[in-house]
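*Asks:* Before anything else, here's the structure in question.
The values are calculated or read from the model by the stated rules, or taken from the named source; none is laboratory data. Since we're looking at a predicted model, the values are computed, not measured. Here the Cβ is made from the backbone with ideal geometry for all residues, glycine too, and neighbour counts use every protein chain on show.
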Amino acid sequence: ATTGSPSYRAGSQPILGMTVTNTGSASCVRDLSGPLQVYTVYSKAGTRIWSTADCFPGQGSDIRQLGPGQTVSYTIKWSGTTSTPGCATTRVPVGPGSYTLVAHLGKLASAPAPFAITG
């Protein structure tokens, strides 16, 4: 998981990303399709704030052959609002604070990437 900046002003649209690297010594074929990419933002306390799986799940297919050490990166713009599964509640802007992004590719999960929203 990556963020475009360590902090963003409240009301902005943070850039969130995912980098996939073939760490092996041989080429591999990997499905990097949109539906497998899920970006989730958590509060400092660990509360789930927002996820692409809620309102805008990924689309399309992207099957790649990655050579040893080859990297592929993706980025999205987050609206800076909350969400719930099925987009069942009103989305509201998040306030200033510390947050973390976790990116999933299928069953693989990244380490949390910290960032802040400032007032």
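*Asks:* Only strands (runs of 3 or more DSSP E) wholly contained in the range 55-119 count here; list those with 2 or more residues that are closer than 13 Å to Q37 by Cα.
*Replies:* Correct list: 71-77, 97-105.
*Asks:* Residues that are in a loop (DSSP other than H, G, I, E, B), at pLDDT below 95 and in contact with a Leu (Cβ under 7 Å, 6 or more places away or on another chain): does the range 20-31 have at least one?
*Replies:* Within the range 20-31, none of the residues are in a loop (DSSP other than H, G, I, E, B), at pLDDT below 95 and in contact with a Leu (Cβ under 7 Å, 6 or more places away or on another chain).
*Asks:* Whether any residue in the range 41-52 is touching a residue at least 24 places away in the same chain (Cβ under 8 Å) and over 17 Å from A1 (Cα atoms) is what I want to check.
*Replies:* So far as the range 41-52 goes, no, none of its residues is touching a residue at least 24 places away in the same chain (Cβ under 8 Å) and over 17 Å from A1 (Cα atoms).
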